[in-house]
Structure formats: structure tokens, C-alpha cells
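Worksheet: the structure to be examined is printed underneath.
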Amino acid sequence: MSKKNKELKIKKPSWWEEFKEFAIKGNAMALAVGTIIGGAFSTITKSLTNDIIMPIVNIFLGGADFSEAKVKLPRMPWVEPTYETVVNEAGEEVVQVVENYLTYGNMISAIINFLILALVVFFLVKGLNKLSEIGKKKEEEAAAAEPPAPPAPSNEEVLLTEIRDLLKNK
């Protein structure tokens, strides 16, 4: 390689080696698996909220469909309305103005989903921390305990020791 080519060598960023170590050690794989499981758990949480919790909440709200809760926003007079063609109940095509809504019911459902997910993760982390504390206590107890006494020598070892001592004295 010529001197000019050596000078043009691209310098790797300082974080590159750290990233390679991260990816090779399997942390990236663990992160990917956690993300996939988190996505699946999010789906379960949404179902729990939409299919179980919200219907119970709707009982107290008079049977209203909470996920469809919305407020119609006003149209500004200087803005030209947008029209769409829809089919009415009689099967006729009708042109109507496209309305703009603020759908706050979906936001409230999303907040409930988040709170449930956060609660589950909180208890999961709390449980893992408790297990970690138990493991640390056992390690500390093991380190603090006196080492076990060496086992007593067998009859053969005692006999061989006596023979060695007799041979030394001669």
C-alpha cells in the first residue's frame, strides 16, 4: 500500500468497537427478542383494554361506545370544504361535506393501555429485583460462612503417614 493510500484510510468512529462488542455478545439479539415480545404484549394489552375493561367502563357511562367518543370541530368560513361521495341507506350515492373530528376516546384508550403496560412492567421489574436481592443475600451468606473443614484422612492415608514417619526416623 502506498503512503497516499495509508493517509486516505477511513478512521472508524470511537463507538464502532463498542457497538461490535454489543452486537457480538448477543445484547442486540436480546434487545430484538424483547422488542418482539413487547409488541406482542402490547397487542394483548390493547385487547384487554378494548375488549374487557372498556365495556365495563361503558356500563357506567350509560352504554356509550367509549372508543368512538369524539367532538366535531368547526369549519373555518374561509376554508373551502372537502366533499366525498357516500352511499346512503337507500343505496343512492350522495355527496356530503367531510367533517373533522377530535377523537379523544382513542386517546383515553391509549392512556389506559399504557397504564396497564406500565403496571405489568413495574411488577415484573420489582419481582426481578427481589430475586436479585435474594441471590445477593445467599452469595453474601456463603462468603461470610467459614470454609468447611477439610475431610478427615482415610485409614489408608493414616497408615501411609505412619509408615512415612517411621522411615524418616531410621
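None of the figures in this text is laboratory data; all of them are computed from the coordinates on show. Predicted, not measured: the structure shown is a model, and the values here were computed from it. Here the Cβ is made from the backbone with ideal geometry for all residues, glycine too, and neighbour counts use every protein chain on show.
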Highest GNM mean-square fluctuation, the chain, Cα pairs closer than 10 Å: which of A118, A144, A28? A144
Overall form of the chain per C-alpha gyration tensor (a/c, 1.5; a/b vs b/c): oblate
Pair I116, I36: separation of 7 Å Cα→Cβ label points (nm): 2.4 nm
In degrees from 0 to 90, rounded to the nearest 10, what is the angle of the helix 27-47 Cα long axis to the longest principal axis of the chain? 40 degrees
Whole-angstrom gap from the range 93-147 to the range 154-170, using each part's C-alpha centre: 69 Å
Between N100 and E139, what length in nm is gained on full extension when 0.36 nm per residue of separation is reduced by their alpha carbon distance? 7.8 nm
Would you please name the chymotrypsin sites (Phe, Trp or Tyr not before Pro) within the range 68-170 that are DSSP coil residues with at most 11 other C-beta atoms within 10 Å of their C-beta? W78
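What does the charge dipole of the range 66-170 about its Cα centre add up to, to the nearest 20 debye, if the Cβ of each Lys and Arg holds +1 and the Cβ of each Asp and Glu holds -1?
Value, rounded to 20: 600 debye.
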